[in-house]
Every structure is written in structure tokens, then in C-alpha cells.
Amino acid sequence: MLLVVASLAMAVGDLNYARQLIERGEYALAAVTLKKQLKDYPVEARYLLAEVYTLEGNLSDATIFLEAARERGLDDTRYYALRGRLALLRGDWDTAWANLRSAVALSGLRRYALDWGLVGLAQGKLERAMLGFEKAQRAGAVAEAQFLQGLALLASSPRKALEKLRAAQSELSAESPLKPQAIYWQARALERMGQINEARSTLRFLLRTYPDYGPAREALNRLGP
């Protein structure tokens, strides 16, 4: 009995170790670890392998392991969410939209709502994009949703985009990788509005705060000092 308990504890430990490897971006080692757990954890190990292969861009193997996990009892929410992400990466917008909509309806989770909105953004369909991002904002992803709403609105309504991007900037921490992007896209919105001096000032501020942010320097060179 003690040996069985110890064996189960080791298997759970290996799954947790694999999750840590995924978080650190060590996908090859995570895959090796998970393949050793296919017998003990037929659903979770296959699902995590599908995640690993998605992150690596190996969509074919990701699909194989996702469907194998589904056959063994993977829950609806995670199945539809990852199936939607895979479709999004393939550019299969309708499949992505339908599956992520199901994942959002089942869970209400903000990360799925953000992905749902990204489908509309990738399609260039503003109504779809805003629907997903508004859902994500209600679920708690305020800054991320406002940033993405700003990007979605940039082409059709730069003034509204600027409002969203400024709101996102105020919500984001200085350490967030989205912070410099939010400021950069404010400058691009100002440029679209014909406010070139304000765009330049925004880019100068960005470079003082984030001196290594290359797109800002390129944009400032293009607009002139």
C-alpha cells in the first residue's frame, strides 16, 4: 500500500514538474516528462502535451494529443478553448470563434475571452473583437482588454482607440510588457489623428522611460525630431 501511495505521489510530482517546465519555456524537457506520465494520467498528460506542442507551433501533434485527451474524458471547457486556439493559429476563424465562444460560455474565464476577442481582431471584424474584449474586461482582465480594444479601434476610430490605450496605460504596471506598447500605440493613434507634434512628444516620453523600445525610435525617426 505504501509503495502505491509513494508511486502516485511521484507521478503527481512529475506532472507539477512538467507544468513548471512549461512555465519556464522548457518545452522539450516538459514533453519528455509528460510522455512518461501517459499511463498514470491519460487525460492530463495528453492535454498538457497538446499545450506544449501548441506553444512550440507544432499544431499537428497538438491536435492529435488534444483529441486523444478528449477521447479519454477531457472536460468541455479546456477542450473547446484549446481547439479554438489551434484554429486561431491556423487562421480558421469560424472554427476558432465557435469553439472559444463555447469555452467562454462554459467558464467565463478572462483568458478565453481575450482569445475570443483576438479572433475578431485577426479577422478585422470590430464587432466580434469588441464582444470578446468587453467580456474579458468584465471578467477582470481590465488593462489587457482595454489595450486590445485600443488596437481594434485604431483603424476606424483613432480617438476612441487613444482613450482605451490611455486607460490601459494607467492600469498597467511599469513591469508589464504591454506598458510600452500601450504608449507606442497612443503615438500611432495621435499620428492618425494628424496630431504629429503630440505623437512625437509621446514617443520621446516612451524612449525616456523605455530606451530600448525599438519601434518607438523607428517611428520617431520617420516622423522627424
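The values are calculated or read from the model by the stated rules, or taken from the named source; none is laboratory data. Since the structure is predicted, the reported quantities are computational estimates derived from the model, not experimental observations. We place every Cβ from the backbone using ideal geometry, glycine too, and count neighbours over all the protein chains shown.
Select from segment 167-201 the residues that are in a helix (DSSP H, G or I), within 22 Å of the chain's Cα centre (by Cα) and among the acidic types (Asp, Glu) and list them in ascending order.
Scanning segment 167-201 gives a single hit, Glu171.
Among helices (runs of 4 or more DSSP H) lying entirely in segment 8-104, which contain 2 or more residues that are charged (D, E, K, R)?
44-56, 59-71, 76-90
Hey, could you check segment 82-128 for residues that are under 23 Å from Gln146 (Cβ atoms) and of a type in the set (S, T, N, Q) and say which is modelled with the highest pLDDT?
For segment 82-128, the residue satisfying everything is Ser107.
So if I check each of Ala69, Ala18, Ala62, which one is modelled with pLDDT under 95 and either over 19 Å from the mean Cα position of the chain (by Cα) or crowded, with 20+ Cβ neighbours inside 10 Å (or both)?
Ala18
Within segment 134-168, how many residues turn out to be hydrophobic (A, V, I, L, M, F, W, C), more than 20 Å from Pro180 (Cα to Cα) and modelled with pLDDT of 95 or more?
1
Take the residues in segment 193-225 that are surrounded by 16 or more Cβ atoms within 10 Å (Cβ to Cβ) and in contact (Cβ under 8 Å) with a residue 24 or more places away in the chain; name whichever of them is nearest to Leu153 (Cα to Cα).
Of everything passing the filter in segment 193-225, Ala199 is nearest to Leu153 (Cα to Cα).
So Ala189 ticks every box in (1) within 18 Å of Leu206 (Cβ to Cβ); (2) of a type outside the set (Ser, Thr, Tyr); (3) out of contact with any Pro (no Cβ under 6 Å at 6 or more places or on another chain); (4) modelled with pLDDT of 95 or more but one. Which box is left unticked?
It is condition (3) that Ala189 fails.
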